[in-house]
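The values are calculated or read from the model by the stated rules, or taken from the named source; none is laboratory data. Note that this is a predicted model, so its numbers are computed, not measured. Cβ sites come from the backbone with ideal geometry, for glycine too, and all protein chains shown count toward neighbours. Note: accessible area is taken over every heavy atom of the protein model, side chains too, but ligands, DNA and RNA are not part of it. Shrake-Rupley method; radii C 1.70, N 1.55, O 1.52, S 1.80 Å.
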Amino acid sequence: MGKIACDHCGLEFEKDVLIEEEGSDKTLYFCCNGCQGVYHLLKDEGLDSFYEKVGNVKLDPASGISEDLEKFDHEGFAKKYIVEKDGFSSVSLIIDGIHCSACVWLNEKVLHKTDGIIEADINYTNHKAKVVWDGSVIKLSGIIQKIQSIGYNAYPYDARAQEERANKARKDYYSRLLVGIFGTMNIMWLAIAQYAGYFGGIADDMKNVLNIAEFVLATPVLFYTGWVYFKGAYFGLKNRFINMDFLVITGAVLAYVYSIYVMVTGVGEVYFDSVVMIITFIFVGKYLEVLSKKKAIDTLDTMTSSIPTEVVVIKGSEKLLVSVEEIEIGDIIEIKPGEKIVIDGSIISGEGSVDESSLSGESKPIYKKVGDEVISGCLNLDSVIRYRSSKSFSTSMLSTIVTLLEDSITKKPKIEKLANEISGHFSVVILLLAVATFAGWYMSGAGFEKALIISISVIVIACPCALGLATPVATLIGLGVGVKRGILFKEATYLETMAKSDVLLLDKTGTITEGKPDVVHHKVYKEFDTNLLYSLVKSSSHPISKGIARFLPKDSNEYALTNSKNIEARGIEAEFEGKKLYGGNLRLLEERGVALEMDSENSLFAFVIDNEVVAVYELRDRAKEDAKESIAYFQKMGFEVAMLTGDNEKVANSIAKEVGIQKIYHSLYPQDKADIVDSYHTQKRVVVMAGDGINDALALSKSDIAIAMGSGSDISIDVSDIVLLDDKMSSLSEALKLSRKTYRNVKQNLAGSLVYNLLTVPLAMAGYVIPLVAALSMSLSSLLVVANAVRIKRGFNE
């Protein structure tokens, strides 16, 4: 009796070992309770169309639900893998058991229908899923259980584990390449003998021996080295998509089958050498592509691989080795010379030099003392330092950069999506052209053999691979160069948008200027306790407040104020022992009905106690050294450059004149800045906005490209698209230079790929290209795309 397929996984078994169940319209058979449970779950959830989508693909039998699910809810696991943001939790998972796009569809559908899950996106190529959920409704263990209930499994994404898997894949490619090269080198000697015999004469028995020897060498090359193409072609066809792998395999298999026919019948010439060289030459190109992609993201690999997993924490008189995921805000960490800082914080003991080159590109060591901030990713050079952590591991600078880089690599620019779409249609066109070529040559009397070989050349020489590579390789290299220069693009697509931009809006304080205004003049109207002012300005992170705090006596005491709050774009207020305190600019005083006649080119800060002005401070900020040069570069590139500031007209004009900006918007509230961005959008302009403060966040969120200075507030960095880690204005101009160079490179690659195919395909159709040359040309076209993309690095290595 024949075997019967399980109604869920499709695997076949003898009838007597299956679970039999009477359905509404037919008898159902299941290989295990897991498959039976998943089948009914999908039926009940209305997801039974999954079986139509999956077609004849065999699934893994449904695995039982793991009993060890509580580990996903442990605090240690959460600290290591789960990110908390805006009241929701998110995690990156690898879904085990995905075979095709239908599997992705099923998992996403089931997760989206689960209460508490906000977002579930699965990448088919690497099976990586990003899941966002409401922890008050469902736990992570419940999500894993849901995935397991439909026959799949999930485990947390770990960059180090993924690197090990990538290394394993590269070794596999290398071993397949060695087999291909071995087969190619040996078959070339046999081919020389064949060609010598063709022109000089050769006995039939000797020719048969050479044919069999070539068959023996070609078989492992086609089926072992070429396995990646068989696999790619299979999954492409299963998803109704003709890809490059299908073209390669079609050409190689046709030549292989025809050569076997010749070997058996003795009629015609074998082409086993073409089979081997088609597979090997193209595989060499594929292997070099893998290495090039790996090299393009070496910056990310270096960052992740060098992150220490434990740090020394001081608890009383004890030193404890604690996992970085368990560090809490306020913990005291000790760093020795030569160790990397992995948690952000401020120094409480010790002083010395740190190397920030991995973050900002600054080659000179920076001296740090008590009170200074240290950023994760820096290297302690010469002394023991103790510092108090100000962030957790997951929210520190280094972890943020690594996460953003991982995300940026997976996001595709619009031009890449277009190229992928073109390459998909392109493969179908080439296949049709090959069929037409065969028919044309055969009907013209050229004979079956010649018509077949020419059509194989048409299939092999066409290169949708170069077309598909044109964008991702260039963007990967662009992203890598940016990180090394302290320019962090959160998504690859922002390279394209930045390249198309034509308006630059700049915040003044902290962007054009140093963001460290110093008191240049002050006037006291009435004696007061300076500790009150010190306490008030310490409650704010605004550069003006920090400048006044630096000016006040070093031994000032900080009082415990109540009802402290920032007043948007105007100042700060608080209360102390019944006294109402506030400080800010002239607009704040005007709103509160306090008269003060004063005119200055400097920023003003008035300190008021119980509606009486007791002191006024004038502060001046310096323009950054490279601001004028960078702004001139943007203007030279055809940008409209404007300055947006909340400061008064005189202060704004003074700075604008110094750096060469003609268009100024002054005395602005945050909403005013956002409205200006919108006004440019009505003119169909592409707007870049650079800022560093909380008051810039709204305008940044409205712009096409939002750029945050690395020293800026967490909010401005959070809403930005590009982060300048070194705070230099020159990095702003370099970001434009890099994005335009990358985008130009992408267009060159796409144009080159299209021109290559337009020239070579007609030559192949005309019979001027043999399969051997076609394979070599195809491989070289891919390598030329990669080589051209590497040129992006020129000009950014100094």
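Observations
- Which numbered condition S556 fails, given (1) crowded, with 20+ Cβ neighbours inside 10 Å; (2) farther than 21 Å from P670 by Cβ: (1)
- Test: residue in segment 712-725 that is open to solvent by 10 Å² or more (accessible area, probe 1.4 Å) and either more than 23 Å from the chain's Cα centre (by Cα) or at pLDDT 85 or above (or both): no
- Residue match in segment 486-501 (condition: of a type in the set (F, W, Y) and over 43 Å from the mean Cα position of the chain (by Cα)): no
- Selection from segment 423-458 of residues that are hydroxyl-bearing (S, T, Y), crowded, with 20+ Cβ neighbours inside 10 Å and at pLDDT 85 or above: T437, S455
- Meets criteria (closer than 27 Å to M709 by Cα and open to solvent by 20 Å² or more (accessible area, probe 1.4 Å)) for K546: yes
- Close Cβ contacts (under 8 Å, 6 or more residues apart or on different chains) running from residues in segment 108-125 that are over 17 Å from Q145 (Cβ atoms) to residues that are of a type in the set (K, R) and modelled with pLDDT under 85 comprise E119/K130; D121/K130; I122/K128.
- Close pairs from segment 335-354: first open to solvent by 20 Å² or more (accessible area, probe 1.4 Å), partner of a type in the set (G, A, S) and at pLDDT below 85, Cβ under 7 Å, at least 6 apart: P337/S383; K340/S306; G350/S383; E351/S383
- Per-region count, segment 479-522, residues of a type in the set (S, T, N, Q) and closer than 24 Å to V686 by Cβ: 4
- Looking across Y174, Y152, one residue alone is under 26 Å from L11 (Cα atoms), at pLDDT 70 or above and more than 26 Å from the chain's Cα centre (by Cα). It is Y152.
- Residue within segment 736-750 that is within 25 Å of the chain's Cα centre (by Cα), at pLDDT below 80 and surrounded by 24 or more Cβ atoms within 10 Å (Cβ to Cβ) present: no
- Leading residue by the ranking (surrounded by the fewest Cβ atoms within 10 Å (Cβ to Cβ)) among those in segment 132-151 that are under 14 Å from E84 (Cα atoms) and not basic (K, R): S136
- Residues that are of a type in the set (S, T, N, Q) and either open to solvent by 50 Å² or more (accessible area, probe 1.4 Å) or over 28 Å from V614 (Cβ atoms) (or both) within segment 499-529 comprise S501, T511, listed in sequence order.
- Selection from segment 309-334 of residues that are open to solvent by 70 Å² or more (accessible area, probe 1.4 Å) and not acidic (D, E): T309, K315, G316, S317, K319, L321, I329
- The set of residues from segment 194-228 being more than 16 Å from A255 (Cβ to Cβ), open to solvent by less than 40 Å² (accessible area, probe 1.4 Å) and modelled with pLDDT under 80 comprises just one member, G197.
- Residues of segment 46-78 that are in a helix (DSSP H, G or I), open to solvent by 60 Å² or more (accessible area, probe 1.4 Å) and either closer than 20 Å to I4 by Cα or at pLDDT below 80 (or both): E52, K53, E70, K71, E75.
- Complete set of residues in segment 587-608 that are surrounded by fewer than 20 Cβ atoms within 10 Å (Cβ to Cβ), touching a strand residue (DSSP E or B) at 6+ places or on another chain (Cβ under 7 Å) and hydrophobic (A, V, I, L, M, F, W, C): V594, L596, M598
- Against the criterion of being surrounded by 14 or more Cβ atoms within 10 Å (Cβ to Cβ) and at pLDDT below 65, D372 does not qualify.
- Residue in segment 99-110 that is more than 30 Å from T309 (Cα to Cα), open to solvent by less than 20 Å² (accessible area, probe 1.4 Å) and at pLDDT 75 or above present: yes
- Test: residue in segment 663-678 that is open to solvent by 50 Å² or more (accessible area, probe 1.4 Å) and in a strand (DSSP E or B): yes
- Enumeration of residues in segment 251-270 that are outside any helix (DSSP H, G or I) and either in contact with a Leu (Cβ under 6 Å, 6 or more places away or on another chain) or closer than 15 Å to I456 by Cβ (or both): G268, E269, V270
- Residues satisfying the stated conditions in segment 484-498, i.e. open to solvent by 10 Å² or more (accessible area, probe 1.4 Å) and out of contact with any Gly (no Cβ under 6 Å at 6 or more places or on another chain): K484, K490, E491, T493, Y494, E496, T497
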